[in-house]
């Protein structure tokens, strides 16, 4: 699949202006962003495979789709955690996904040891 001008992602070769831990914390701050990243993690996508926004099960987040499209997806794409093709309505792991993936997995693997309000 070729990239179109509507694909949004962070650049892996950018010099970060904030510490990596701050970017990861900001990405995980909102439940909808955690939901998106976990869905991508659980999907086990092949190299060129993408998820449609319908596959994200956005109805379970109780948030308007407009908030996802105008706030959460752009934030994750800007950080490089996802690549988002607005025209096709699809996402996949971005070039910086490995910054956030291990932390998501760590939290999932130890969820029974975390306080109840620490839901992903």
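The values are calculated or read from the model by the stated rules, or taken from the named source; none is laboratory data. All figures in this text were calculated on a predicted structure; none of them were measured in a lab. No Cβ is skipped: glycine too gets one built from the backbone with ideal geometry, and neighbour counts run over all protein chains shown.
Considered as a group, the residues in region 5-43 that are out of contact with any helix residue (DSSP H, G or I) (no Cβ under 7 Å at 6 or more places or on another chain) and crowded, with 17+ Cβ neighbours inside 10 Å include one that is modelled with the highest pLDDT, and that residue is 40.
Okay, residues lined up against (1) farther than 20 Å from residue 21 by Cα; (2) at pLDDT 80 or above:
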| site | (1), (2) |
| --- | --- |
| 62 | yes, no |
| 100 | no, yes |
| 113 | yes, yes |
| 120 | no, no |
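Among the residues of region 93-102, is there at least one that is part of a loop (DSSP other than H, G, I, E, B) and within 16 Å of residue 42 (Cα to Cα)? For region 93-102, residues part of a loop (DSSP other than H, G, I, E, B) and within 16 Å of residue 42 (Cα to Cα): present.
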